[in-house]
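A.B. asks: Provided herewith is a single structure, encoded as structure tokens, for subsequent inquiry.
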Amino acid sequence: MDKQEAEKRAKKLRKLIDYYRNLYHTYDKPEISDAAFDTLKNELEELELKWPELVIVDSPTQKVGGKPRREFKKVRHEAPMISLSDAFSERELLDWQKRLENYLGKKADSDFYCELKIDGLAIELVYEDGKFKLGATRGNGITGEEVTENLIMIEGIPKKLKVKSYKLKVREREIVIPKKLVVRGEVFIAKKEFERINKEQKKKEEKLYANPRNVAAGSIRQLDPEVVASRKMYFFAYDIVTDLGLEKHEEKHKLLKELGFPVNLNNKLAKNLKEAEEFRNYWEKYREKLDYEVDGVVIIVNRNKVFEAGGVAGKAPRAAVAYKFSPREATTIIRNVLVQVGRTGTLTPVAELEPVEVGGVTISHATLHNYDEIKRLGLKIGDTVIVSRAGDVIPKITRVLPELRTGKEKEFKMPMKCPVDGASVKVEGVLYRCTNKNCGARHREQLQHFVSRTAFDIRGLGQKVLDRFLDEGLIRDAADIFTLKAGNIAVLERFGERSAENIIKEIEEKKRVSLSKFLYALGILHVGEETAQLLAKRVIEQISNSKKQILNKFQISIKKVLDFFKDFSLEKLQEISDVGPKVAESIFEWWHDKKNADFLERLERNGVEVEVERELAEKGKFGGKTFVLTGTLQKMAREEAKEKIRSLGGEMSESISKKTDFVVAGEKPGSKYKKAKELGVKIVEEKEFLEMVG
């Protein structure tokens, strides 16, 4: 994205964020989840950080909350009640620290205080002569709504301070509580209370609340205090606005507790940013054990002087950040819509996404189920969408944000020709299906062949796993195997993070493959393992001849392999041992098919490398000799025997002719044994063969 595109995108984001923010803060009626809203806001912040000249005075990144409602008396805050910048990854957290230190001109010589970020409503409490005098909402950060009568109904908010002075243990001097004390904190409701309230709403056939934060905000902003009294609400204090000469933020929490305010006992001091991140990661894992909702942690520079020196950037203090948990919903962009063919021949559209973290995993694909779902969503290629994942549910696209369209988005149409075999497609209700009944089954067999032991040898990708990947739209063909991400697999039922990581590790390790195995994996009709070996040998000979030397080991690009085979005429192919007219025609047609050329190009783009093994290029004791195996060997697996022969310069063949030098016979040899006798080919029993290979 260049600066001009960023400017257009930022303008659209500001308008949309302001719209959602007004619904959220002013009317407590959000249209999208907090998590989806946060990712929109985060995208705008990232754009403005990259291009600071795009920042405007009334950008959502420069202001707080929404407008105070007319029904309430307006209250001006003692000091601006600002918000926080968000971080969603370790990189963003480190960027925050770097920006702070660049501003300070030195290392932020301080530890950090970490607080659970509760999903509730921020409020300000004013005490005069130790008594609760006034309570207000955040409002726009400068002016809030006076909701004192409602806050009095909350049991956790002290109506009178416990003491008027307190001697801090860390500093041997008395802290005198002034006539006027201003405290800030969060009002929230527990999960069980949220469920109870929604049950009541359902009985009354009234609209259900979207989340606990909405209930808390809606309750505090009721004109009738009895509504608050009917709901069990809680409060945690987290800051003292009044300057009491305290050196550290953690001291504020100790003093708040002594004064009678409830504070969150899960909050913790971190010696460095690594410990702060560990605190965040711990609670992301165990947050479900809490009886209230949290969406991240607040990391604050502990030393108050450093915090104050950091000042404010836009709407947020430089010396504090909200490090959010992985969202259950996030916004991202549709890169493309691909079509994959399942095991029954059903065509399924799959969205290729800009990678985004949802529910703790990075997602780059999401099934769109069928064409009707695309029409229902009104989805276009290039759209910004909301991707949702709750619990262990597979991610799905729940909403399109047409407000962010640029005009470059493209309509998607289902193909009427099967992308696998080109057969016509018929429509059955909401399903599009290939008319070739064997299409799906043959497609599965090709994939299974590609990952088999004698081809790419990708362990862990059995038929059931490949079927699942096909059905979920994670792969269309073998090239897509090398684009799989752990996050896309981990969300599938019965997989999990560890098994997903193991599969991805195995795929990464098998990206480099020998030329003969690569040729065999392509599944060219009539090209078995032995023919693939012979084809590989011919390519190597041509390369060696062009370089005028026998090469021990080298890599060759897939494009180079394609070029070699395109240059082979039918006559040249038939010069290769074991390649007759029918086989030559099959090989020739495969390498001249544009669809196959595109497939090869994608394999290379996805990181597959072809390597020529040393033993294929050098002569050994079996140099120039051709072997055929028949029957079962007792001391050595068939594949191992073949590798031994090749390592010594020999060649393998599937069929016997007068040119065959040796037939290795194991137990229960087949018709090849009889033919060898007829042709007078030397038959070697297993014991003798073992001696030959040493």
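Just so it is clear, none of the values below were taken in a lab; they were calculated from the coordinates. Keep in mind that this is a model prediction, so the values were computed, not measured. Every residue, glycine as well, gets a Cβ built from its backbone with ideal geometry; the counts of neighbours run over all protein chains shown.
A.B. asks: Between residue 640 and residue 200, 0.36 nm times their residue separation minus their Cα-Cα distance comes to what?
C.D. replies: Working: separation 440, 0.36 × 440 = 158.40 nm, distance 7.08 nm.
Here the answer is 151.3 nm.
A.B. asks: Here's a follow-up. Shape call for segment 86-323 from the C-alpha gyration tensor, a ≥ b ≥ c root eigenvalues: rounded (a/c under 1.5), prolate (a/b greater than b/c) or oblate? Can you show the working numbers first?
C.D. replies: Values: a/c = 1.93, a/b = 1.27, b/c = 1.51.
Cα axes put segment 86-323 in the oblate bin.
A.B. asks: Same structure, new question: Picking from 272, 326, 217, whose Cα lies most toward the positive end of the charge dipole for segment 207-335 (charges on Cβ: Lys, Arg +1; Asp, Glu -1)?
C.D. replies: 326
A.B. asks: Hey, another quick one. Run lengths n ≥ 4 of DSSP H only: what is the helix-derived mean residue ellipticity at 222 nm for the chain, with -39500 (n - 2.57) per run over all residues, to the nearest 500? Working shown, then result.
C.D. replies: On the way: 25 runs with 263 residues, N = 694.
Mean residue ellipticity, 222 nm, calculated: -11500 deg cm²/dmol.
A.B. asks: Let me ask you something else. Arranged from highest to lowest average of other beta-carbon atoms within 10 Å per residue, in what order do the peptides 314-320, 642-648, 191-197 appear?
C.D. replies: Ranked by mean Cβ neighbours within 10 Å, highest first: 314-320, 642-648, 191-197.
A.B. asks: I would also like to ask the following. Charges only on Cβ, +1 for Lys and Arg, -1 for Asp and Glu: so what's the dipole of segment 626-693 about the Cα centre, in debye to the nearest 20?
C.D. replies: Working: 14 positive and 12 negative charges, 56 e Å.
Roughly 260 debye, rounded to the nearest 20.
A.B. asks: Turning to a different aspect of this structure: Okay, which of segment 108-129 sit inside 16 Å, backbone N to the point 7 Å along the Cα-Cβ direction of residue 179?
C.D. replies: 127-129
A.B. asks: Rounded to the nearest 0.05, what FRET efficiency do residue 445 and residue 191 have when you use their Cβ-Cβ distance and R0 = 35 Å? Please report the intermediate quantities before stating the final value.
C.D. replies: On the way: r = 50 Å, r/R0 = 1.42.
The calculated FRET efficiency here is 0.10.
A.B. asks: First measure r as the distance between the Cβ atoms of residue 526 and residue 336, then evaluate 1/(1 + (r/R0)^6) with R0 = 60 Å and state the FRET efficiency to the nearest 0.05.
C.D. replies: On the way: r = 35 Å, r/R0 = 0.58.
Step by step, r from the Cβ atoms, then E = 0.95.
A.B. asks: May I pose another question? Based on the Cα gyration tensor of segment 582-654, what are the three equivalent ellipsoid semi-axes, each the root of five times an eigenvalue, rounded to whole Å and given largest first?
C.D. replies: On the way: eigenvalues 188, 56, 38 Å².
The equivalent ellipsoid of segment 582-654 has semi-axes of 31, 17, 14 Å.
A.B. asks: May I pose another question? First select every other residue whose beta carbon is under 14 angstrom from the beta carbon of residue 372; then total the charges, Lys and Arg +1, Asp and Glu -1. Provide the component values of the computation, followed by the final result.
C.D. replies: Working: positive: 375, 376, 413; negative: 373, 428.
In short, +1.
A.B. asks: Sticking with this structure for a sec: Given the convex hull over the Cα atoms of segment 80-159, what projected area results after averaging over all orientations, in nm²? Please list the in-between numbers first.
C.D. replies: Details: hull surface 31.3 nm².
Taking the Cα atoms of segment 80-159, their convex hull projects to 7.8 nm² on average.
A.B. asks: Now for a different question. Considering only DSSP beta bridges where both residues belong to the chain, give the percentage that are antiparallel (nearest 5). Before the final figure, lay out the partial values.
C.D. replies: On the way: 79 of 94 bridges.
DSSP beta bridges in the chain are roughly 85 percent antiparallel.
A.B. asks: Applying 1/(1 + (r/R0)^6) with R0 = 51 Å to the Cβ-Cβ distance of residue 15 and residue 459, what FRET efficiency is obtained, to the nearest 0.05?
C.D. replies: 0.50
A.B. asks: Here is a follow-up. Can you pull the one-decimal nm distance between simple spin-label points at residue 555 and residue 344, each 7 Å off the Cα toward Cβ?
C.D. replies: Taking the two extended label points, one gets 4.3 nm.
A.B. asks: So how do 227, 387 line up by other beta-carbon neighbours within 10 Å, fewest first?
C.D. replies: Values: 227 15, 387 25.
Taking fewest neighbouring Cβ atoms as first place, the list is 227, 387.
A.B. asks: Considering every Cα-Cα pair within the chain, what fraction, in whole percent, is farther apart than 33 Å? Before the final figure, lay out the partial values.
C.D. replies: Values: 148363 of 240471 pairs.
Here the long-distance tail beyond 33 Å is 62 percent of all Cα pairs in the chain.
A.B. asks: Full extension from residue 29 to residue 661: what is 0.36 nm times the residue separation minus their Cα-Cα distance, to one decimal in nm? Before the final figure, lay out the partial values.
C.D. replies: On the way: separation 632, 0.36 × 632 = 227.52 nm, distance 8.33 nm.
Separation in residues times 0.36 nm, less the Cα-Cα distance, equals 219.2 nm.
A.B. asks: Just the isolated ones, please: cysteines in the chain lacking another cysteine beta carbon under 4.7 angstrom.
C.D. replies: 114
A.B. asks: For residue 398 and residue 505, calculate 0.36 nm times their separation in residues minus their Cα-Cα distance, and state this gained length in nm to one decimal. Mind dumping the intermediate values first?
C.D. replies: On the way: separation 107, 0.36 × 107 = 38.52 nm, distance 3.12 nm.
Stretched fully, the residue 398-residue 505 segment lengthens by 35.4 nm.
A.B. asks: Give me the one-decimal nm value for the distance between modelled label points at residue 410 and residue 149, 7 Å along each residue's Cα-to-Cβ direction.
C.D. replies: 6.1
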